[in-house]
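In what follows, a structure is listed as structure tokens, so that the remarks can point back to it.
The values are calculated or read from the model by the stated rules, or taken from the named source; none is laboratory data. Everything numeric here is computed off the predicted structure, so don't read it as measured data. As a convention, Cβ positions derive from the backbone with ideal geometry for all residues, glycine included, and neighbour counts pool all protein chains shown. Heads up: the accessible areas ignore ligands, DNA and RNA and are worked out on the full protein's heavy atoms, side chains in. Shrake-Rupley method; radii C 1.70, N 1.55, O 1.52, S 1.80 Å.
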Amino acid sequence: MDQPSGRSFMQVLCEKYSPENFPYRRGPGMGVHVPATPQGSPMKDRLNLPSVLVLNSCGITCAGDEREIAAFCAHVSELDLSDNKLEDWHEVSKIVSNVPQLEFLNLSSNPLNLSVLERTCAGSFSGVRKLVLNNSKASWETVHTILQELPDLEELFLCLNDYETVSCSSICCHSLKLLHITDNNLQDWTEIRKLGVMFPSLDTLVLANNHLNAIEEPDDSLARLFPNLRSISLHKSGLQSWEDIDKLNSFPKLEEVRLLGIPLLQPYTTEERRKLVIARLPSVSKLNGSVVTDGEREDSERFFIRYYVDVPKEEVPFRYHELITKYGRLEPLAEVDLRPQSSVKVEVHFNDQVEEMNIRLDQTVAELKKQLKTLVQLPTSNMLLYYFDQEAPFGPEEMKYSSRALHSFGIRDGDKIYVESKTK
């Protein structure tokens, strides 16, 4: 059912969180708050508001009565207004300026690109620490205005905004620790490096689905651009060279990397992908969400040496020589066939005669009798078979069940089969 157009924030708030629609709840972020309201307020003692308000997809276009917002939202810390119809930053400002404790704000999928964000409006966001502007098509000019007025901003989400370039601000944002900028079209490293200039304290950079084609930067410059980067996601980027993976070692604090779905790794097996990447990134402790244990690292580094042992000297990566210094030259692992034996050579004893013959272990006792029929000149119905394990402490075991498979006896090369006639 389509939401009606032209609804205010306060109207939707009253409808969703009235006692009839939102009964008393307990739990983190869900405690009921009954604020003191202005004399004569029609909402007095009616709303049960948690500190986390979720008002997504409600058709909100404007703020509504600011006095009511101030009266009922003084304690609210998180506000989700995603997928509404807010297109005027002034209306957003009216809401946010009356929520003084607000730290998290989600404005995703609102057509806010239709208006210009002025600094006076952005000032009402000053207490926000986490801001989500996914699919808002927010311009870089808007982002710069926000950054100037949010001194404590720690997390910023700018996904699905159709960015092909990054416009660098003249002012650095030292507070930002996490930037999600996935699903854009940032293909050139010259654009990504601007993020390092703008956000020198960045801890986590999520660049998934951006088709970045290479990391074109000298190693010492990378260290200066992202001195505090601990985690980077290059999932489904366009990286095609091992040199790009090696570049990640230039980030001095990097611990976590995501590299799924990149063209470089497509020709390799799942095992090869993980081990070759781990071996090239000695400081990374988590790859694609999984912890790299000390044991896995050693296995991967030994695998790396053996993988390149027969590669021409001019094609061997530098990391190979580092690992040779650590482990020495390693011989290729012996190939061990762990499949069960399919046949064995046994001695068949009958009437003081001994014949060596090969028997298949996948056949049954009845099938073995048919195989022996010509040799011992007895009908299968008149044949008794006994298996003698040369290492067993007990005597021969009668092979009495015709349907039993031979492999279940544990027969090995050199064991003996005795054949006797039932009518001696």
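A few remarks follow.
- Residue match in segment 279-288 (condition: assigned by the TED database to the domain that holds residue 182 and under 20 Å from residue 163 (Cβ atoms)): no
- Residue selected from segment 272-310 under the condition β-branched (Val, Ile, Thr) and within 20 Å of the chain's Cα centre (by Cα), by the criterion nearest to residue 257 (Cα to Cα): 284
- The condition of being of a type in the set (D, E, K, R) and touching a Ser or Thr at 6+ places or on another chain (Cβ under 9 Å) holds for only one of 272, 298, 256, that being 256.
- Residue that is most open to solvent (accessible area, probe 1.4 Å), among those in segment 81-96 that are closer than 16 Å to residue 130 by Cα and in a loop (DSSP other than H, G, I, E, B): 82
- Apart from one condition, residue 147 fits all of (1) crowded, with 16+ Cβ neighbours inside 10 Å; (2) out of contact with any Phe, Trp or Tyr (no Cβ under 7 Å at 6 or more places or on another chain); (3) under 26 Å from residue 59 (Cα atoms); the exception is (3).
- Against the criterion of being closer than 25 Å to residue 283 by Cα, outside any loop (DSSP other than H, G, I, E, B) and either open to solvent by less than 10 Å² (accessible area, probe 1.4 Å) or free of Cβ contacts under 8 Å to residues at least 12 places away in the same chain (or both), residue 248 qualifies.
- Against the numbered list (1) over 30 Å from residue 208 (Cβ atoms); (2) assigned to a helix (DSSP H, G or I); (3) under 36 Å from the mean Cα position of the chain (by Cα), residue 76 comes up short only at (2).
- Within the option set 309, 291, being open to solvent by less than 80 Å² (accessible area, probe 1.4 Å) and among the β-branched types (Val, Ile, Thr) holds for one residue only, 309.
- Selection within segment 191-208: residues that are of a type in the set (Val, Ile, Thr) and assigned to a helix (DSSP H, G or I). The member of this set that is surrounded by the fewest Cβ atoms within 10 Å (Cβ to Cβ) is 197.
- Hits in segment 331-370 - residues which are more than 16 Å from residue 412 (Cβ to Cβ), within 54 Å of the chain's Cα centre (by Cα), at pLDDT 90 or above and open to solvent by 100 Å² or more (accessible area, probe 1.4 Å): none
- Residue that is most open to solvent (accessible area, probe 1.4 Å) [pool: residues in segment 104-133 that are aliphatic (A, V, I, L, M) and in a helix (DSSP H, G or I)]: 114
- Some residue of segment 211-221 being surrounded by fewer than 18 Cβ atoms within 10 Å (Cβ to Cβ), small (Gly, Ala, Ser) and within 24 Å of residue 290 (Cα to Cα): no
- Taking segment 56-73 as the range and being surrounded by fewer than 22 Cβ atoms within 10 Å (Cβ to Cβ), in a loop (DSSP other than H, G, I, E, B) and either over 33 Å from the mean Cα position of the chain (by Cα) or aliphatic (A, V, I, L, M) (or both) as the test, the residues that pass are 59, 64, 65.
Residues checked against (1) modelled with pLDDT under 95; (2) not assigned by the TED database to the domain that holds residue 114:
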| site | (1), (2) |
| --- | --- |
| 14 | yes, no |
| 27 | yes, yes |
| 35 | yes, yes |
| 38 | yes, yes |
| 61 | no, no |
| 71 | yes, no |
| 78 | no, no |
| 85 | no, no |
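- Filter pass, residue 78 being touching a residue at least 40 places away in the same chain (Cβ under 8 Å) and open to solvent by 20 Å² or more (accessible area, probe 1.4 Å): yes
- First in segment 268-297 and among the small types (Gly, Ala, Ser), second anywhere and open to solvent by 50 Å² or more (accessible area, probe 1.4 Å), Cβ under 8 Å, 6 or more apart: 283/249; 283/255; 285/255; 285/291; 289/258
- Residue list for segment 223-240, filter: under 27 Å from residue 162 (Cβ atoms) and open to solvent by less than 50 Å² (accessible area, probe 1.4 Å): 225, 226, 229, 231, 232, 233, 234, 237, 238, 239
- Within segment 160-180, residues that are on the phi > 0 side of the Ramachandran plot reach partners that are charged (D, E, K, R) and open to solvent by less than 90 Å² (accessible area, probe 1.4 Å) with beta carbons closer than 8 Å, at six or more positions or on different chains, in the pairs 160/183; 162/137.
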